[in-house]
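Inspection log for the structure reproduced underneath, given as structure tokens.
Quick note: the coordinates plus some simple rules give every number you see, no bench work behind them. Since the model is a prediction, treat every value here as computed from it, not as a measurement. Counting neighbours? That spans all protein chains shown, and the Cβs are built from the backbone with ideal geometry, glycine included.
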Amino acid sequence: MKFGAFLAPHHLLGESPTLQLQRDLDLVAHLDRLGYDEFFCGEHHSTGWETIASPEMFLAAAAMRTHRIGLGTGVASLPYHHPFHVAQRITQLDHLSFGRAILGTGPGALPSDAHTLGIDPMVLRDRQDEAIGVIRRLLAGEERFSYESEWFTLNEAALQILPIQAQMPMATASMVSPSGMTLAGKHGMGVLSLGSMSTDGLASLPLQWSFAEEAAEEHGNVVDRANWRIVFNSHIAESREQAHRDVEHGLLRWHNEYNVQTLQRPGLVPFGQTSEAISFYANPDTSAGVIGTPDDLIANVRQMVEVSGGFGCVMSFVHDWASPEATQRSFDLIARHVMPEINGQITPMRESNTFVIENRDYFDRAKQAILTKIEQNERAASAFAAGGGVPGTGLGPHAGTPDS
């Protein structure tokens, strides 16, 4: 199982956007050091909370601070851009990152962004579909081709520089509707599931994947669950009590000011205190999130694997529920405890420990072998009897007993 992080971002209003961007870059470098596999960041142009307008520019800066982590647009809103520019920018990012770029695409998540650009929301998904086909041809280095559309034109187009990667990894965003999954199947791409953060989205995951498989079969493609990324809402600490204290920082504001007041998500009401928000977001009956310990997240991931039928990457949603310091510590705990547990790294270590504990007779015999050799040497036996013991063996002057 791969592990990654998804940054929209959702930053609390009232802070310097300059410093927020620097803090986000620090987080990517931290994730790279911890061994995370992928990092995605989004494209948004309104709300005041989502402050990255160009994921490619942000990821280019991140590439200068990292060494191995994959860097994905999460997502580039294709209807807002000429497809040729998208292909050019992701190619440049691939070179700046030495082949670590991932092209994540979507139709555009915020109606306010589409309104600003004068784009009818009804055409967004069709335009994303059309753009993906053109971008794939450009990235594959096909011979020059022309293309005429109602919203863009290409005349004898070809990229003058191709990506480092022979096949650029691509993924499309998926919420609860079948649109994203259908596009993934049609174009043989990976998936970035965002709807999994709600109970409705979680319940629909098996059905969602079936849309991808059906579309892939229809268009002669193959989709692989290994390229299915599922986003998790979580904050973890050494104890549940500490995790609950940590999210006093921003969880209530995120729920009330962003989800309820700004986005006006259907069915949500404001909470009066953080404890109510914790009860909502850490309750499997109302949300698919975790506010607790590494063990809680391990159980959550395993449940998601069972419900979905299997996927390839755990994507932790980056938010300001907790302070920057506590957020980094949460990602640290995931790397130290959750990642190795899910991937079975701890299993052989536990087996080794159990083997040593359960085979004391053999190891006591090894100590006896040392004592035998000591007794065969007159000077060593004299020193041992005088109380010196044998350094490094745990053997004291009393035959067969550990040195206290």
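Laid out as a table, the results:
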quantity	calculated
Contour excess over end-to-end distance, with Cα ends at His115 and Ile161 and 0.36 nm allotted per residue	13.2 nm
Cα long-axis angle, helix 346-358 against the chain (0 to 90 degrees, to the nearest 10)	10
Cα-based helix-to-principal-axis angle, 17-34 vs the chain, degrees rounded to 10	50
Chain lengthening between Ser352 and Ser177 when straightened (0.36 nm per residue, less Cα-Cα)	58.3 nm
Helix 83-96 vs. the chain, principal-axis angle (Cα, 0 to 90°, nearest 10)	30
Difference of contour (0.36 nm per residue) and Cα-Cα distance, Met1 to Arg360	125.6 nm
Cα-based equivalent ellipsoid of region 2-349: semi-axis lengths in Å, sorted from largest, via gyration tensor	32, 22, 21
Projected label distance in nm at Asp332 and Val269, using a 7 Å step from Cα toward the beta-carbon	4.0
Once exposed loop trypsin sites (Lys or Arg not before Pro) are cut out (DSSP; at most 14 other Cβ, 10 Å), longest piece of the chain	145-404
Cut-off 15 Å, label 7 Å out along Cα→Cβ of Glu213, residues of region 300-321 by amide N	306-312
Coil-residue GluC sites (Glu not before Pro) of region 1-90, DSSP, other Cβ within 10 Å capped at 13	Glu15
Residue order, fewest to most beta carbons within 10 Å, for Phe40, Phe232, Phe363	Phe363, Phe232, Phe40
Lys, Arg +1 and Asp, Glu -1 on Cβ, resulting dipole of region 243-317 about Cα centre, debye, nearest 20	180
DSSP-loop chymotrypsin sites (Phe, Trp or Tyr not before Pro) across region 128-173, with at most 13 other Cβ within 10 angstrom	Trp151
Neighbour-count ranking [beta-carbon atoms within 10 angstrom, fewest first] of His319, His115	His115, His319
Residues in region 1-33 reached by a label modelled at Met64 [backbone nitrogen below 19 Å; 7 Å Cα→Cβ]	17-33
Rg over Rh, two decimals, region 70-186 (C-alpha only, Kirkwood Rh)	0.96
